[in-house]
1. Given a Förster radius of 22 Å and the C-beta distance between residue 52 and residue 30 as r, what FRET efficiency does 1/(1 + (r/R0)^6) yield to the nearest 0.05?
2. Using a simple spin-label model with points 7 Å from Cα along the Cα→Cβ vector, what separation in nm is obtained for residue 206 and residue 18?
3. How far apart, in nm, are the 7 Å Cα→Cβ label points at residue 80 and residue 181?
4. Would you mind putting 422-431, 306-315 in packing order, based on average other-beta-carbon counts within 10 Å, highest first?
5. Considering the alpha-carbon set of the stretch 355-508 alone, what are its Rg and its Dmax in angstrom?
6. Please report the relative contact order for the stretch 355-508, taking Cα pairs under 8 Å with a sequence separation of at least 6, and give it as a percent rounded to a whole number.
7. With a Förster radius of 35 Å, plug the Cβ-Cβ distance of residue 315 and residue 138 into 1/(1 + (r/R0)^6) and report the FRET value to the nearest 0.05.
8. In what sequence do 257, 202, 461 fall when counting other Cβ within 10 Å, fewest first?
C-alpha cells in the first residue's frame, strides 16, 4: 500500500472515532497517523527514540550522556538516562575492582549499590589486615562467604603459628653455632679438614672426617660428586643443593657455597654448608597454605556466580537489576578462572597434573572468553575476529579432544595478553585450523613485543611495557600447552605485530 493510502486510512479511522466519541480508539488512530507522518518525513517516533536511548545506555560500549535532538527538552528522559548511566558506571567500577567511586544514584537501587560497595570496602580492609598478620578479623555478613572467610583466616592463623615456631627453631639452629665448613681436595674428593660445627653436624670427630671422602657423605653417585668438584676448581667457585648422610644414617638437605682456596701451594675447595632441611619443610608448609587459600576461596565464589544466575530467573527483575546481577556473576567467573589457573599451574609445576581429555570446541571457548572480557574489562567484542578453517570448510566446527579447563585457561591468557598489549580500539585476530594430527590456534595483534623480552617471552615474570603486567600469563600458557602435549611459539616484528601460535594434538 502507498504512503497516501496509509495516511488516508489513518485519517478516516481518526474521524470515525471522533464522531463516535470513542476517545481511546481516537488516541490509537492519532498515534498511527502520527507514526505514518513521521515515516513519510523520514523521522523517528519520540517513544522509539526514547527506548533506543535507554537501551543504548544499558548495552552500548560508549552510550550518549544526553538525549538526541528531538528529545533534548524531555527532562524526565534526561533524568532516567542520568540514573541509568550512574548505575552503569558504579557497577563497571566495582566489576573492575574500583570501590572508591561515588555512587550518585539514589533510591532503593542506589541504596543497595552503596551497601554492596560498603561491604566490599570493609571486606577489602579486613583482607588487608589479615595480610598484615591480624588474624582476629571475622566477617558477619554475606552468608556462606563469611563462614568460608572466617574458616580461611582461622586456618591461616594456625599455619602462621606453626611457621613462626619452625622459623624460630631454624634461626636458633643457625645462630647458635659457627657455619659448617669442610676443606676438600678437588682431585680426589678427600676431606682435608673440618671445623667443630662440621663435626657436630655430621656426628664424626675430626680424624674420622679427615679419613673420609666427600663421596662418603654425598648421596649422589661418586662420578657426579667429583664432576662438581672439578667444575668448582675450573670456575673457582660454585653453588648447589645436595643431600648428605650423617653418621646416624639420617639424610639432610644442604646448600653449599664453594670456593677455591690455596693452602701451601695446593688448590683446595672450601665448602660453606647450610642445613636447609627445615627451610625446605617450611617451603612445603607455605605451598600448603597457598593451596588452602585457593581452595577455600572457590566455595564462596561458586555462590557469587550461581546466586545471581538464579536470581535472574525472577521475572519481576528490571533490566537494570539484571545487568547488575550479570556484572556480579561475570566478576565471580573472572576470579574463579584466576583461581583455577593458579591451581592448575601449581599442579603442573609440582608434577601432580594428570590430563583428563574431553570434547572441546576451541572457537566457542574463545567466544565465551570474549563475552566475559566484554563485561569485566569493557572490551568491544567487535574488535576480536574469530576465523575457523576446518577441513569441511570455513566456519565448520573443528574437533578437538583435550583438557577443557587447561585449554580454556591457555586461550584466556593469550586473549588477555593480546588485548592488554594492543592500543585502545585495535583489533585482535584468532585463527583456528587443522594441520594433520594437530589443531592450531593463533592469536594476533598489531603491537610488537618489546625487544628486551623477546628472547624470554615465555619465561616466568618476563614483562615490559604493560601497566600492571606480571609476566605470568604467557608463562602459564606455555607450560599448560606443553602439559597438553602441544607446543607454543611467538613471532613478532615492528611492521606486522605479534602472533602467538599454539599447536595441540587433536586427540588424546
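Every number here is computed from the coordinates shown, using simple stated rules; none is lab data. Because the structure is a prediction, the values reported are computed rather than measured. So basically every Cβ, Gly included, is an ideal-geometry build from the backbone, and we count neighbours across all protein chains shown.
1. Given R0 = 22 Å and the Cβ-Cβ separation, E is 0.50.
2. With each label placed 7 Å out from Cα toward Cβ, I get 12.4 nm.
3. Label at residue 80, label at residue 181, 8.5 nm between them.
4. Values: 422-431: 14.5, 306-315: 12.4.
Put in order of decreasing packing, that is 422-431, 306-315.
5. 14.8, 42
6. Relative contact order here is 25 percent.
7. Here the calculated transfer efficiency is 0.40.
8. Taking fewest neighbouring Cβ atoms as first place, the list is 461, 257, 202.
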